[in-house]
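In what follows, a structure is listed as structure tokens, so that the remarks can point back to it.
The values are calculated or read from the model by the stated rules, or taken from the named source; none is laboratory data. Not measured: the values here are computed from a predicted model. Virtual Cβ from ideal backbone geometry, glycine too; neighbours counted across all protein chains shown.
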């Protein structure tokens with residue numbers, strides 16, 4: 001979960017779970033080679049109590065020389081405006097705040113008990129295997145060090161180590177869905193079988209092990225079904241096992257957009273993949289199939305760049321709204337100029353495309369020695385959602401060559417052996 005030199009941001013509510021977590025990390029930070037900071041959100045939901053919690057964690061951090069970050073926001077008001085439930089709105093605001101602080105790792109105090117409650121909640125909704133796998137120990141830069149420890153074990157640890165904590169009064173009521181499961185479902189199952197929590201956790205671990213294998217298989221199938229111009233080959237998809245078809249479709253949708261799809265949408269797509277159809281996902285995001293290819297249709301800004309096939313024999317200028325992309329091959333590097341990018345021509349296929357982003361696009365970052373999906377990279381660079389489909393993308397059958405506002409993929413960059421160059425010039429009415 002951690003690497004030496006990491007700055008670890010702890011989501012610190014002041015409850016037993018988060019106080020246990022920060023106590024552990026403070027005591028282990030020298031061994032792990034990490035620095036620890038804390039972030040707290042005052043949701044303004046519990047009159048007086050929310051301010052008490054904020055003051056409690058602030059005092060703790062000051063007394064322990066822990067850098068402290070706090071956000072005070074009226075979640076109820078924001079939820080009314082956004083149309084979200086208070087729970088979902090609070091979660092969204094929480095992670096937006098955490099991510100804005102720039103830490104290497106975000107540590108949250110989710111426990112084995114949270115994991116079991118989530119599995120049961122997802123089961124009641126008719127979830128797929130992914131949902132039954134519940135809360136992962138690691139997701140991107142978010143880690144959950146207490147994920148295998150029950151709430152009872154944490155409270156015992158706090159008592160033994162004299163760790164003070166506050167109690168959220170809303171946790172004692174059945175007002176929220178999670179509390180209903182915690183107080184009524186888990187408690188009854190534990191009465192039927194005192195080993196329920198241990199058995200449920202073992203079940204979750206087994207499901208995760210199987211799911212990891214299926215996910216890796218789905219990645220391979222996804223790569224095989226994705227065409228060079230960013231569509232899903234419907235015929236290739238239809239030949240896969242049914243469970244793999246659904247996983248491939250989900251990967252494509254998640255890489256294309258942030259739609260809040262439901263399994264009924266996925267079932268409809270898979271069941272009709274050899275036919276002509278369209279499906280509208282929440283947020284007015286449309287996907288279509290013509291019987292041969294499945295693709296994202298009518299993006300929110302209506303400035304999608306239709307795929308244009310190019311080859312080495314022609315120079316080309318592609319225009320989209322107020323922007324243009326000029327492409328040509330040369331044996332010389334042009335003079336340094338703003339908005340000009342250079343790639344190694346010999347690292348590029350004879351045929352390639354100018355297009356918009358597509359599901360599965362992965363960009364390699366040479367200096368950082370890593371790769372990221374365009375979706376994650378756009379999020380990281382804070383490129384507005386409404387502009388993402390109009391960003392110029394250059395790609396061939398091997399993957400990305402160039403992305404507007406990012407540059408040349410490191411696998412296609414020039415080196416000391418480069419003798420032929422692909423010159424890319426991006427211009428817009430906004431260029432200085």
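Of the helices (runs of 4 or more DSSP H) that lie entirely inside region 234-330, those containing 1 or more residues that are touching a strand residue (DSSP E or B) at 6+ places or on another chain (Cβ under 8 Å), closer than 30 Å to residue 424 by Cβ and at pLDDT 85 or above span 242-256. State yes or no: is residue 220 at pLDDT 85 or above, in a loop (DSSP other than H, G, I, E, B) and either under 25 Å from the mean Cα position of the chain (by Cα) or over 19 Å from residue 392 (Cβ atoms) (or both)? Taking the combined requirement at face value, the residue does not satisfy it. Residues in region 33-52 that are surrounded by 13 or more Cβ atoms within 10 Å (Cβ to Cβ) and at pLDDT 95 or above: 34, 35, 36, 37, 38, 39, 40. Taking region 1-97 and the strands (runs of 3 or more DSSP E) fully enclosed by it, the elements with 3 or more residues that are over 21 Å from residue 140 (Cβ atoms) are at 68-72. If you go through region 100-109 and keep only what is modelled with pLDDT of 95 or more and not in a strand (DSSP E or B), you end up with 108, 109. For residue 112, the stated conditions hold: it is at pLDDT 90 or above and buried (at least 18 other Cβ atoms within 10 Å of the Cβ). For region 181-197, the tally of residues that are touching a helix residue (DSSP H, G or I) at 6+ places or on another chain (Cβ under 8 Å) and part of a helix (DSSP H, G or I) stands at 8.
Okay, residues lined up against (1) farther than 23 Å from residue 110 by Cβ; (2) surrounded by fewer than 18 Cβ atoms within 10 Å (Cβ to Cβ); (3) touching a helix residue (DSSP H, G or I) at 6+ places or on another chain (Cβ under 9 Å):
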| position | (1), (2), (3) |
| --- | --- |
| 157 | no, yes, yes |
| 162 | yes, yes, no |
| 171 | no, yes, yes |
| 179 | no, yes, yes |
| 205 | no, yes, no |
| 213 | yes, yes, no |
| 223 | yes, yes, no |
| 258 | no, yes, yes |
| 266 | yes, no, yes |
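A Cβ distance below 7 Å, combined with a sequence gap of six or more or placement on separate chains, defines the contacts here; from region 139-156, residues that are outside the structural domain of residue 101 (by TED's automatic domain parsing) reach no residue that is buried (at least 20 other Cβ atoms within 10 Å of the Cβ).
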